[in-house]
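Asker: Here it is, the structure, as structure tokens.
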Amino acid sequence: MLLTTDRDIARVLAATRSIALLGASHKPSRPSHEVMHFLLAQGYDVYPVNPGLAGQQLLGRRVYPDLASVPVAIDMVDVFRQSQYLPEIVEQAIGVGAKALWTQLGVVDQAAADVAENAGLDVVMDRCPAIELPRLRRAGLLPA
């Protein structure tokens, strides 16, 4: 089952330190760029992943070609890719030992979520951490 309660989502955000952001964009107008900037400002250690930008710098962070290339343990994989890519992304997230899978607004694949959950990952789907963090802080579920 997907994590949908405020307490469960807050738990994932509180436990997360390192985030691999799949589909990172160098274009400031793109949601992935804005969310990466937001997450960095919140103190998260964000590793942008985009094979087309691999080796470049994005918001002061080196861009990696895939999850396996990220040089640290990944707490959360934040997905800015189309739903059709989720099965492959889930397999990669499992392969690198990620603890959570978070998919952005509109990115939904229940079968892929089930695979991730069966492998022990927390799954938050069809939500944005840049929306959830402030909301959960206002609700008193995360520190200000």
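The values are calculated or read from the model by the stated rules, or taken from the named source; none is laboratory data. For clarity, every value in this text was computed on a predicted model and none was experimentally measured. As a convention, Cβ positions derive from the backbone with ideal geometry for all residues, glycine included, and neighbour counts pool all protein chains shown. Keep in mind that these areas ignore ligands, DNA and RNA; they rest on the heavy atoms of the full protein, side chains included. Shrake-Rupley method; radii C 1.70, N 1.55, O 1.52, S 1.80 Å.
Asker: So how far apart, in nm, are the two label points at residue 88 and residue 131 if each is 7 Å from Cα heading toward Cβ?
Answerer: It is 2.7 nm.
Asker: Over the chain, give the accessible area per residue in Å² for a 1.4 Å probe, as an integer.
Answerer: On a per-residue basis, 48 Å².
Asker: When the Debye formula is applied to the Cα atoms of the chain, each taken as the same point scatterer, what base-10 log of I(q)/I(0) results at q = 0.20 Å⁻¹?
Answerer: Values returned for q = 0.20 Å⁻¹ are -1.25.
Asker: OK, next. Could you tell me what percent of the DSSP beta bridges with both partners in the chain are antiparallel, to the nearest 5?
Answerer: Roughly 10 percent of the DSSP beta bridges within the chain come out antiparallel.
Asker: Separate question: Would you mind putting 42-50, 108-116 in packing order, based on average other-beta-carbon counts within 10 Å, highest first?
Answerer: 42-50, 108-116
Asker: Quick one: with all protein chains in place, what share of the accessible area of the chain is carbon or sulfur, to the nearest percent (1.4 Å probe)?
Answerer: Exposed carbon and sulfur together represent 53 percent of the surface.
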